[in-house]
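The structure under discussion appears below in the form of structure tokens.
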There are 2 protein chains.
Amino acid sequence: MKKADNIVVIGGMACGPKAAARARRCDPKARITIVEEGANVSEATCGLPYHISGVIEKQRELVRRKPDFFKDILDIDVLTRTRVLSIDRQAHTLELLNLKTEQVSTLAYDRLVLATGSTPATLGLKDSGLGGIFTLSKIEDALAIRDLLSRNRTRKAVIVGAGLIGLEVAEAFVSRGLEVTVVEAFDRVLPTLLDSEMAAHVARQLQSKGIKLLLGQRVSGVDGDRQEWVQQVRTESGKLEAGLVLLAVGARPNTGLAQEAGLAIGPTRGISVNHYLQTSDPDIYAGGDCVENVHRITQRKVLVPMGSTANKHGRIIGTNITGGCDTFPGVLGTAVVKVFDYNVARVGLSESQAREAGLDVLTCLVPGDEHADYYPGARQILVKLVADRDGLRLLGGQVVGPGETAKRVDVLATALSFGATADDLANIDLAYAPPYNNAMDPLHHAANVLRNKQSGDARALNPAEVRERAQSGVDFILLDVRTPEEWETGHIEAPQTRPLPLKELRSRLGEFQAGGEIVTYCKTSVRAYQAQRILDGAGFEDAKFLDGSISAWPYDMPDKEEARDSKLANIDEGATA
Amino acid sequence: MKKADNIVVIGGMACGPKAAARARRCDPKARITIVEEGANVSEATCGLPYHISGVIEKQRELVRRKPDFFKDILDIDVLTRTRVLSIDRQAHTLELLNLKTEQVSTLAYDRLVLATGSTPATLGLKDSGLGGIFTLSKIEDALAIRDLLSRNRTRKAVIVGAGLIGLEVAEAFVSRGLEVTVVEAFDRVLPTLLDSEMAAHVARQLQSKGIKLLLGQRVSGVDGDRQEWVQQVRTESGKLEAGLVLLAVGARPNTGLAQEAGLAIGPTRGISVNHYLQTSDPDIYAGGDCVENVHRITQRKVLVPMGSTANKHGRIIGTNITGGCDTFPGVLGTAVVKVFDYNVARVGLSESQAREAGLDVLTCLVPGDEHADYYPGARQILVKLVADRDGLRLLGGQVVGPGETAKRVDVLATALSFGATADDLANIDLAYAPPYNNAMDPLHHAANVLRNKQSGDARALNPAEVRERAQSGVDFILLDVRTPEEWETGHIEAPQTRPLPLKELRSRLGEFQAGGEIVTYCKTSVRAYQAQRILDGAGFEDAKFLDGSISAWPYDMPDKEEARDSKLANIDEGATA
């Protein structure tokens, strides 16, 4: 009889415990050990910003499983406070250091799992040795921040990095009464996730909650007070007072052990694995934040550390290290984040990512209601789709707003997993009843706008293009086809702007010269597109509309919120595309 | 130059106006006319139950567009209160009756669109001539019911039919203070949408709100009082007092005009159309409730009248009647309905539908939280998946509960549109953050349970099978592996039930005989499956678990709600599958 396999898992957070538990369910006989450097296993690290805010008050909610669960239920040994010093691949052993006793020992393995996670980047600022500078990746980080906040030492916080964690913590800090400044090196918030015009809407939401944004600025250093506590953050353009600094500038995969053991490291600096999640050593598997993934759209290697991916990795590894055969198809870079009253979600390639990848793309900006507008409580969302121009294969999507956006991005994630086109998306039989959706989901409309653009029926300029034309004094007409009442609530302020209610357009076509450029807009582009088609039909050769119209317009405009949210126009904005 | 096309659309509700508006956007020159028998066009009929309840108070919210919108904006003529008496396909003309003036006229067409909708079935009960008997398909129906309710004539209502409209109106009636009985000929609520064990959860929700359900009973007649007002409803088993009766027993497609014109009618009694939505006459298209659709899973013809489908049809027809070429891929029978505090959603084939279609299926019942349970407010959902046993191709899904279910069904609808398997579903990169989801969506878990079942690792009995075994006195052990505290909150009452907390199972295996059948259960089946694997590993040959455990158990059980909703066990129920 074959002797029982000896499985060792390094890392006890997400991927590691999942791999171990799955291995146990696949193989009742194996010896399984989890080695974890920290005091806990199974920390719910994605909940940490909510522990800072107090939304999740109890620390024990964030420790999902205790070591005795693994022993009693799963017959898995857990060694906490234990560091792996090295891997001897020849001997199939690990050298361990018990951090409590400082004893060194050796542990044998037949199959090894690296789930070593990642470490927050610090831009060297933690080397300053000053107090009050934090990263956030463990419960102890959150506890330290909570402790500082409870002592009321400071009211001014600077967050470096406007990514997912930076924005989640920004909200938490505001809820704790801090004055918050977010500094971001890129020119927009969520720069790796959103295109500029979508990020601008998120930025407005942050600013409306009192957060100060410094975009396109690098942090160059920190200065402390006499107690060696952080006092200010230096940026390219000046100094920011701060008694609390959070560094949220991404994470780098923990690959030290793997590198020292001679395992292949990929171009993204994550551990290289095949689609079985096997490293360059067939007896060693790796998953979670420490590995690189394949992007399902580009097929390129990417580093996208996410708890959702780590869990999927864990199950696949647990299957494969016990003789099974499962594969991981890759990631889509899907993400969702709560930013105060906005739900911000995205998947696949942004327009800028698609262009960087050399793709010729079509995009659309389509505002919509989360459910039937005649059913109470409907909140707006804004959909951006990115598709390959030729075949309209969907490449990515971004959905932002106070309404339901995660559902739309999950539908897109599913569609992208199967290489869907806009034609496919337009006719998916999504669930409809007034409390849940419109007869046509905003995604259906967006897909149809892409189809209209590809056929040439619809021609749009994006907000940046319209603003540039307006500001550069180009000779064109920016035609506001809303009602006079809507015009009064606010409109795009430019010398080229002219009001002309849609219902008068057919009878007043004589006011325009046939050759000139006319760009129409309304509230959501339904009427603007209709206006463009009327102008087309009347022989005007250069009619376009402003993509997404006022609802997608991310720039300042007098009384803008009222115009964006106005219900006046709903009756005219129903069916589209 | 070719003369402008003359397009006539019969029917002004959903498909018709959409087809007309799309036709206008595709062809600025065509003459387009909508002919509608009623006084309004573009009624939001899906909102009618919410107008009865008062959730949507203003009638004008339900009239989406006025005829002058069509004229002013779209240059489309709308003839309301106008009946089409006949179609002369040879002459390409319609005979019209103006219901206001009673004048008859003739209208020519080049292309004709039939969007004639459907008519509620009445089981002959409306022929009684009694007052107080209603169907619900138009605003005037809702107004008549509101008028009756405002006069406080009756407190007792009977709804015949427990389909979508029946249940929506049941909630509306309860909110208006009525005593409501729902009579359904099938043995469960939502019989064409849900399997029995899922429908049972919806039934519990209805009963908890005071609604009386009479299932498996046909209505045989109605009796009136001296004022010719309905007084009672007769069923097979007795009489029900009622001063208000709603007939919600489905709708039949309005095919009279089509039939008289000699157009082909399909096996489901809907108008037969090809995938261009063209009838047997190439100049006549049809869409919306009056046509039959192709089911994307079975490829069979089905009658599934839905506003969402009607809108998609409209766009395709608008394209095709103006020289374009678009096709409709069919429907999935997707539906969602609010039933008080429950969100009830489904897609594709139910288990019973799949078995009727001759398919060999695997199913699973998987409870889950709508988002991370450590983030406040997570509500439960229950997922049922149906898949082809051989290749695990997904055939359908049902998701029910107080938590978010429409998102999951929309993901499934998208997956089903591409022939996804459980393997595909398990690794889709869905959006995760604690306020929105778990690191693994309940659908991921459900897909993995199907995979575990197919591999033979997981073996489950469904609730009906377990209850039958328990009631028939079969010799098996029903092993409750929850904690003693959970056991105290309630357990499945059967002579075969035994408590044995999971953490003691490994040390107490000696208490069981190797050959006997052991069925384990817990709260959500995570621990029950683990227990089954422990028993497997110890050599027990007939261990299974109760699919979905107590959270999916639809039958009475002492203190059941507390056991189902208990948070005690959450820490043991995280990772699964």
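Coordinate-derived values only; no laboratory data. Keep in mind it's a predicted model, so treat the numbers as computed, not measured. Here the Cβ is made from the backbone with ideal geometry for all residues, glycine too, and neighbour counts use every protein chain on show.
Just checking the output field for B:72-79: average partner chain Cβ neighbours within 10 Å of each residue's Cβ?
3
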Cα-projected label distance for A:Ser128 with B:Gln471, points at 7 Å along beta-carbon direction, nm: 7.1
Inter-label distance, nm, simple model (7 Å from Cα along the C-beta direction), B:Gln259/A:Asp542: 5.9
Spin-label pair A:Arg389/A:Glu493, simplified geometry with 7 Å Cα→Cβ offset, distance in nm: 3.6
Span from the the stretch A:12-63 Cα centroid across to the the stretch B:535-555 one, whole angstrom: 25
For the stretch A:460-569: rounded, prolate or oblate by the Cα gyration tensor [a/c cutoff 1.5]: oblate
Test item: Cα-centred dipole of the protein assembly as shown, Lys/Arg +1 and Asp/Glu -1 on Cβ, debye: 120
Pairwise centroid distance, computed over Cα atoms, of the stretch B:373-390 with the stretch A:154-202, Å: 33
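Residues of B:537-543, mean number of Cβ from any other protein chain within 10 Å of their own Cβ, rounded to a whole number?
1
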28 Å Cα-Cα reach of B:Lys3 towards lysines, excluding residues that sit fewer than 8 places from it in its own chain: A:Lys453, A:Lys503, A:Lys544, B:Lys18, B:Lys29, B:Lys71
The protein assembly as shown: C-alpha gyration tensor shape, a/c 1.5 cut-off, then a/b vs b/c: oblate
Whichever lysines have a C-alpha closer than 28 Å to that of A:Lys156, once near sequence neighbours (fewer than 8 apart) are set aside: A:Lys58, A:Lys126, A:Lys138, A:Lys209, A:Lys212, A:Lys239, A:Lys338
Most to least packed among A:469-476, B:365-372 [average Cβ atoms within 10 Å]: B:365-372, A:469-476
Ranked B:Val304, A:Val183, criterion: other C-beta atoms within 10 Å, fewest first: B:Val304, A:Val183
For chain B, share of DSSP beta bridges that run antiparallel, in % to the nearest 5: 55
Theoretical FRET efficiency, 1/(1+(r/R0)^6), r = Cβ-Cβ of B:Asp110 and B:Glu228, R0 56 Å, to 0.05: 0.70
Charge dipole of chain B about the Cα centre (unit charges at C-beta), most positive-ward option of B:Pro49, B:Tyr521, B:Ala552: B:Pro49
Estimated vicinal HN-Hα couplings, Hz - the stretch B:405-415 in sequence order (Karplus 6.51, -1.76, 1.60; Gly, Pro = x): 10, 5, 4, 5, 6, 5, 4, 5, 4, 5, 4
Calculated [θ] (222 nm, deg cm²/dmol) that DSSP helices of n ≥ 4 give over chain B, each run adding -39,500 (n - 2.57): -8000 deg cm²/dmol
Segments A:168-176, B:305-313, B:81-89 sorted - mean Cβ within 10 Å per residue, highest first: B:305-313, A:168-176, B:81-89
The stretch B:448-461 - phi-based ³J(HN,Hα) in whole Hz, Karplus 6.51/-1.76/1.60, Gly and Pro as x: 5, 5, 4, 5, 5, 5, 5, 6, x, 5, 9, 9, 10, 10
In order through the stretch B:226-234: 3J(HN,Hα) via Karplus (6.51 cos²θ - 1.76 cosθ + 1.60), integer Hz, x for Gly, Pro: 5, 8, 6, 10, 4, 10, 8, 10, 8
Fully extended contour minus Cα-Cα distance, from A:Arg218 to A:Lys29, at 0.36 nm per residue: 62.6 nm
Counting DSSP beta bridges with both ends in the protein assembly as shown, the antiparallel % (nearest 5): 55
For B:Tyr432, residues with placed amide H under 5 Å, excluding near neighbours: A:Val336
Using a Förster distance of 30 Å, the FRET efficiency for B:Lys3-B:Ser280 (Cβ separation, nearest 0.05): 0.70
Shielding by partners - mean other protein chain Cβ count within 10 Å, residues of A:370-377: 5
For the stretch B:125-249, size of Cβ-based charge dipole, Lys and Arg +1, Asp and Glu -1, in debye: 360
B:Glu351, A:Glu37 arranged by Cβ crowding within 10 Å, fewest neighbours leading: A:Glu37, B:Glu351
Listed peptides A:448-460, B:206-218 by packing density, highest first (mean Cβ within 10 Å): A:448-460, B:206-218
In range of the label at A:Ser86: residues from the stretch A:248-286 whose backbone nitrogen is under 17 Å from the point 7 Å along Cα→Cβ: A:256-263
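At 0.36 nm per residue, minus the direct Cα-Cα distance, what do B:Asp77 and B:Asp341 gain on full extension? Give it in nm, one decimal, please.
Stretched out fully, the B:Asp77 to B:Asp341 stretch lengthens by 90.7 nm.
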